[in-house]
1. Given (1) aliphatic (A, V, I, L, M); (2) open to solvent by 50 Å² or more (accessible area, probe 1.4 Å); (3) under 26 Å from the mean Cα position of the chain (by Cα), where does LEU447 come up short, assuming only one miss?
2. Can you list residue pairs whose Cβ atoms sit under 8 Å apart, with the first residue in the range 362-376 being within 17 Å of LEU391 (Cα to Cα) and in contact (Cβ under 8 Å) with a residue 12 or more places away in the chain and the second being among the acidic types (Asp, Glu) and surrounded by 23 or more Cβ atoms within 10 Å (Cβ to Cβ)? Count only pairs 6 or more apart in sequence or on different chains.
3. Report yes if TYR516 is modelled with pLDDT of 95 or more and under 31 Å from the mean Cα position of the chain (by Cα), otherwise no.
4. When the residues of the range 57-100 are narrowed to those that are open to solvent by less than 10 Å² (accessible area, probe 1.4 Å) and assigned to a loop (DSSP other than H, G, I, E, B), which ends up nearest to CYS154 (Cα to Cα)?
5. Do the conditions hold for GLU283, that is, is it modelled with pLDDT of 95 or more, open to solvent by 50 Å² or more (accessible area, probe 1.4 Å) and out of contact with any strand residue (DSSP E or B) (no Cβ under 9 Å at 6 or more places or on another chain)?
6. Tell me, which residue of the range 464-501 that is at pLDDT below 95 and within 26 Å of TYR111 (Cβ to Cβ) is most open to solvent (accessible area, probe 1.4 Å)?
7. Give the range 289-324 a look and list any residue that's in a helix (DSSP H, G or I), modelled with pLDDT of 95 or more and open to solvent by 10 Å² or more (accessible area, probe 1.4 Å), or say none.
8. So which residues in the range 163-179 are out of contact with any Gly (no Cβ under 7 Å at 6 or more places or on another chain), in contact (Cβ under 8 Å) with a residue 60 or more places away in the chain and over 21 Å from PHE216 (Cβ atoms), if there are any at all?
Amino acid sequence: MKFNFEGNLAELKKGIDIFAKEFNFEIGDNGFPVEVVKTAENKLGASFQDGKGKIFYRDKIHFFRALGLFLEGMEGAEPFEITEEPQFHLVGPMLDVSRNAVLTVDSIKKYINKLAVMGLNSMMLYTEDTYAVEGYPYFGYMRGRYTYEELKACDDYADIFGIEIIPCIQTLAHLTQALKWDYAEDIRDTADILLVGDEKTYKFIEDMITAASAPFRSKRIHIGMDEAHNLGLGKYLDNNGYRRRFDIMNGHLSKVVEIANRHGLKPMIWSDMYFRLGSKAGEYYDVNAKIPEDVIQSVPNEVQLVFWDYYHLNEEDYSTYLKMHKKFHNDILFAGGLWTWNGIMPHHDMMLVSTNAALNACKKEGINEVIATMWGDNGAETNLFTGLLGLQLYAEHAYNKKVDMNRLKDRFHFTTGIHYESFDELKAFDVIPGVSDTQLVNPSKYLLWQDILMGLFDKHVEKIEGLDKYYDTIAERMDCYRNAYGEWNFLFDMPYHLAKVLAIKAHLGCDIKTLYDENDKEELRHIAEEVLPELYKRVDNLRISHRDQWMTTNKPFGWEVLDIRYGGVLARIDTAKSRILDYVEGTIENIPELEEKRLFFDGRQEAGDKKLVHCNQYTRISTASPL
């Protein structure tokens with residue numbers, strides 16, 4: 001299809017050319033005429049009537065949202081007219097590129113293309129130590145850190161569509177990787193927290209802020225400061241004695257804000273530390289948290305508070321906590337979560353329910369800025385592009401007072417080329433038989449990584465029947481999807497191989513234990529000689545597929561961690577085979593690993609009301625010993 005866009009296209013031409021390649025249309029004088037009108041009204045829209053098209057918009061990003069609506073509408077045979085009204089001033093993702101997976105520049109550009117057609121106008125790159133800081137060669141060493149040139153290339157590309165990239169760093173805690181080197185000895189309070197109050201620390205922070213902000217047009221910066229649980233309790237305590245931690249927090253914040261001000265930057269921070277310090281139990285979501293008025297008044301006015309909440313499932317809870325934030329005199333930004341950190345697969349139901357509740361509350365409470373976090377906890381096993389469905393949900397909230405799920409599904413198919421149902425199917429790895437949609441469990445992760453002979457989670461699945469057939473069925477569906485979705489093959493090929501592994505491994509430890517207890521050496525031999533070699537092949541196929549997925553979107557740094565995890569599974573399969581054969585052939589009298597009674601991982605007894613658990617720590621899953 002060919003279009004002739006008419007109007008002042010100076011700020012839009014580069015983006016239109018990119019869209020032409022992305023959505024397979026041509027531009028020419030003999031195409032369908034499309035009038036492009038920029039207005040002052042906070043609305044956007046698209047129509048096609050009487051052989052003529054029209055797109056109107058206020059902000060640049062709104063044009064590309066409207067262009068997507070126009071192209072989608074042109075796929076039908078009927079005239080159409082669509083008008084939308086933006087609900088938020090700022091909306092977009094925060095991509096975690098600090099948990100080993102560092103997106104390549106090409107991947108960030110691919111993400112930006114999707115943000116543009118969805119109409120999302122911002123992006124944060126969460127970088128703890130994955131950006132280069134002049135004078136600190138060990139900062140981000142061997143971690144895939146971004147260069148100034150790489151980040152500037154991303155910002156230049158985002159600007160084509162009117163998307164603001166906001167640097168997102170840490171200036172207090174969450175700096176374990178940065179502070180583990182010897183250069184940081186004088187500025188380290190605890191393993192992950194900077195030494196507050198020391199001038200060397202503030203020199204380091206200014207160097208970080210300078211490096212992090214330099215590549216970007218944005219004058220905003222997220223300076224972190226969340227989850228500093230041991231603030232003032234390490235070297236600081238030795239040097240200064242005990243001080244009220246509210247005072248330590250605000251004193252440090254004032255110093256960092258002063259640095260940001262010198263660089264012409266508007267800072268924001270995660271809000272949790274104020275509420276944790278005000279809670280007797282140290283909790284963030286504590287409606288009884290008491291924050292002294294002098295503390296509230298001493299928070300610098302120019303600091304924006306970022307309220308993060310990914311866990312609550314009803315609108316009233318979000319409204320309650322937003323009202324608590326309003327006791328501060330600071331502007332509020334809400335950060336929800338797309339549940340890319342559940343384990344090895346995303347938890348789409350938790351994302352859907354929590355996001356709808358949160359964003360509905362934000363609209364009612366007058367919150368103008370929202371972001372969608374995509375964390376990569378514990379090694380970034382889940383690919384960040386699995387967050388696209390959640391971003392589409394954010395986009396539909398951003399332009400509609402109420403979200404129509406059928407419309408959402410149509411939009412997602414248009415923007416990505418993937419059917420909603422296919423993408424949503426990824427949740428099936430964890431929402432196994434007997435699990436409710438929003439139950440917080442992640443069996444696919446621990447059933448993959450746990451040991452065959454010492455399965456720490458076997459007690460939780462021993463009575464679940466049919467897991468082999470269940471995961472075989474998932475493998476069949478993933479096989480269809482990986483062959484159907486061209487450029488997105490990498491999102492479904494790895495899950496296909498994961499399902500093939502779990503079809504054998506999910507219940508294998510339980511079966512081996514039962515056969516051992518029954519002294520069925522014939523079946524144990526069958527497992528050692530037939531089942532385990534097949535499992536070995538499937539795990540290695542999964543490793544290769546997962547590696548291909550990683551290299552498609554991320555820099556190579558960080559993959560070595562998953563190679564080590566897969567290598568451990570493969571080595572333990574080999575050991576299990578050897579141990580079982582030694583036993584059935586009489587070389588050894590027993591297998592002590594199988595003599596041990598299986599216990600619930602979380603300490604529950606037989607009377608427990610549920611069997612599955614959530615664990616997202618590989619070191620806890622793979623062994624009961626230190627790792």
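The values are calculated or read from the model by the stated rules, or taken from the named source; none is laboratory data. Source: prediction; values computed, not measured. Heads up, the Cβs are rebuilt from the backbone with ideal geometry, glycines too, and the neighbour counts pull from every protein chain shown. These area figures cover heavy atoms from the full protein model, side chains too; ligands, DNA and RNA do not enter into them. Shrake-Rupley method; radii C 1.70, N 1.55, O 1.52, S 1.80 Å.
1. (2)
2. What qualifies is THR373/ASP96; MET374/ASP96; TRP375/ASP96; GLY376/ASP96.
3. Judged against the criteria, TYR516 is not a match.
4. So, considering only residues that are open to solvent by less than 10 Å² (accessible area, probe 1.4 Å) and assigned to a loop (DSSP other than H, G, I, E, B), the one nearest to CYS154 (Cα to Cα) is VAL97.
5. no
6. Per the criteria, the residue is GLU487.
7. Listed by number, the residues that qualify are GLU315, GLU316, ASP317, SER319, THR320, TYR321, LYS323, MET324.
8. Of everything in the range 163-179, just one residue is out of contact with any Gly (no Cβ under 7 Å at 6 or more places or on another chain), in contact (Cβ under 8 Å) with a residue 60 or more places away in the chain and over 21 Å from PHE216 (Cβ atoms), namely GLN177.
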